[in-house]
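Enquirer: One structure, pasted below without further comment.
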Amino acid sequence: MTEPVLSVRDLKVEFPTRRGILTAVDGVSFDIAPGEILGVVGESGAGKSITGTAIIGLIEPPGRIAAGEVMLRGLRIDALSGEAMRKIRGKRIGMVFQDPLTSLNPLYRIGEQLIETITTHLNLSGAQARTRALELLAEVGIPAPETRIDNYPHQFSGGMRQRVVLALALAAEPELVIADEPTTALDVSVQAQIIALLKRLCRQHGAAVMLITHDMGVIAETADRVAVMYAGRIVEVGPVRDVITAPLHPYTKGLMGSIPSLTGETDRLTQIPGSMPRLTAIPSGCAFHPRCPRAFVPCPTFRPELQNEAKSQVACWLYQPFPVTAGALP
Ligand SMILES: Nc1ncnc2c1ncn2[C@@H]1O[C@H](COP(=O)(O)OP(=O)(O)O)[C@@H](O)[C@H]1O
Ligand SMILES: [Mg+2]
C-alpha cells in the first residue's frame, strides 16, 4: 500500500464554554490516498467543517484539538507552530471554501494574488510566476486570461470567482486540497461545472481531495470514497458506489433518500425526521438512536464503533454483536 497523503487518527476537537466542554469532533479517523477524492457528508452541524479546520490548523482558540493526530505524508502536523503551519497551507494543502471571498482579497487584482502565492511557495521569478498564473487561469476556464488577470475579484461572477479560487488553491501544486462546500453558494446552473472542474484538475495535478458537502448528490458524482458524519463521528465510510447503492447505516439510508437524482423523485424528498443534536445534548449510546427507525435494545446505552462490513466500515449495532452487561438491558 502506498502511504496515504492524509491520515487522521482519533481526532477530537473541543470548545470550552461557560457551560462546560463541547465536543464537536469525537474520535474521527480516516486516510486519503494519493489522487483519491474522499467525500465527507452529513447534515449541518455534523462536524465536517471543524474536522477540515482542525486538519489545516485553523481552529480558533479557545477551541482546540484535544486528542488525536493529523499526518501529512507521515509528517505530524497537528502540533506544528503557527508559522510552520502557515507554510504548509497554500504550499502542501490547498483550500477552497464556500465563499470565494474567504480566499480572495477584494483589494488586490487576482493576478497579484496568484503571483504572490506562486512566488511565496515556488522558486520562480516574477515574470515566470505571471506566466504560470496565466496558465492556471486558462486551465480553470477563465476566458481571456491576459485581460482578466488584472481584474479585481468583484469583477467576476460567483462561478468565475470560484474558478479563480481553484487556480489559487492549485497554484503551488499541493498534495492535498480541502474543499468545504465549494459550490453551496453558487447558482445551481454552475455548481456541476465547478465540481467537474475540481475533480478534473485534482486528478490532473495528482492532488488528494477532502470534499466536504451536505449534498450526497455532489458526492455521488465526484468522490471515490465517502465518510458519513453524524454528531461529530464517522458512522459509515466506504467506496462511494457501495455506500450509495447499498448504504448500511440507517442514517446513510436516510441521507440517500434525500437525493433527487437517485430516487427519481424531485418533489417529495424523504427527510430524516428530527434534526442533528446540539453539542450540549448529544444522546447517549449511538447519537442517532432517537431518530433511527431501526433503533433497538443496545442503541441508547452503548456507543457502536466502526467495524468492517462488506467493503465499508459502519458504526451500528445492526451489524455487530451488542454487549450484554448485567443490569443494563431489560
Ligand atoms: N467556535 C465554536 N464554538 C462552539 N461550537 C462550535 C464552534 N464552531 C463550531 N461549533 C459547533 O460544532 C459543531 C460542528 O460544526 P461544523 O463542523 O461547522 O458542522 P458542519 O460543517 O458539519 O455543518 C456545530 O454544532 C457547531 O455549532
Ligand atoms: Mg460546514
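The values are calculated or read from the model by the stated rules, or taken from the named source; none is laboratory data. Keep in mind the model is a prediction, meaning the values are calculated, not measured. We place every Cβ from the backbone using ideal geometry, glycine too, and count neighbours over all the protein chains shown.
Enquirer: Return a yes/no flag: does the stretch 11-24 have any residue that is within 13 Å of the chain's Cα centre (by Cα) and within 14 Å of ligand 1 (Cβ to nearest atom).
Expert: To start, the set of residues in the stretch 11-24 that are within 13 Å of the chain's Cα centre (by Cα) comprises none.
No: zero hits.
Enquirer: Take the stretch 244-259 and flag every residue that is among the β-branched types (V, I, T) and within 17 Å of the chain's Cα centre (by Cα).
Expert: Let us first name the residues in the stretch 244-259 that are among the β-branched types (V, I, T), namely 244-245, 252, 259.
Hit for the stretch 244-259 is T252, nothing else.
Enquirer: Taking E60 as meeting all but one of (1) within 21 Å of A281 (Cα to Cα); (2) within 16 Å of ligand 2 (Cβ to nearest atom); (3) more than 17 Å from the chain's Cα centre (by Cα); (4) not aromatic (F, W, Y), write down the number of the exception.
Expert: So E60 meets the others, but not (1).
Enquirer: In addition: If the requirement is being surrounded by 17 or more Cβ atoms within 10 Å (Cβ to Cβ) and part of a helix (DSSP H, G or I), which of these qualifies: A84, A129?
Expert: Working: A84 fails: surrounded by 17 or more Cβ atoms within 10 Å (Cβ to Cβ).
Going through A84, A129 in turn, just one is surrounded by 17 or more Cβ atoms within 10 Å (Cβ to Cβ) and part of a helix (DSSP H, G or I): A129.
Enquirer: Could I ask something else about it? Name the single residue, out of those in the stretch 179-207 being modelled with pLDDT of 90 or more and β-branched (V, I, T), that is farthest from ligand 2 (Cβ to nearest atom).
Expert: V190
Enquirer: Looking at P323, P304, P300, P283, can you tell me which residue is part of a loop (DSSP other than H, G, I, E, B) and at pLDDT below 95?
Expert: Working: P304 fails: at pLDDT below 95; P300 fails: at pLDDT below 95; P283 fails: at pLDDT below 95.
Going through P323, P304, P300, P283 in turn, the sole match is P323.
Enquirer: Related question: Does any residue of the stretch 187-203 turn out to be over 30 Å from P143 (Cβ atoms) and surrounded by fewer than 20 Cβ atoms within 10 Å (Cβ to Cβ)?
Expert: Checked the stretch 187-203: no residue is over 30 Å from P143 (Cβ atoms) and surrounded by fewer than 20 Cβ atoms within 10 Å (Cβ to Cβ).
Enquirer: Of all residues in the stretch 30-53, how many are part of a loop (DSSP other than H, G, I, E, B), within 16 Å of ligand 2 (Cβ to nearest atom) and within 20 Å of C202 (Cα to Cα)?
Expert: 0
Enquirer: Something else: Listed residues A127, A138; which is among the aliphatic types (A, V, I, L, M) and more than 27 Å from the chain's Cα centre (by Cα)? Full working, then the answer.
Expert: Values: A138 fails: more than 27 Å from the chain's Cα centre (by Cα).
Of A127, A138, the one residue that is among the aliphatic types (A, V, I, L, M) and more than 27 Å from the chain's Cα centre (by Cα) is A127.
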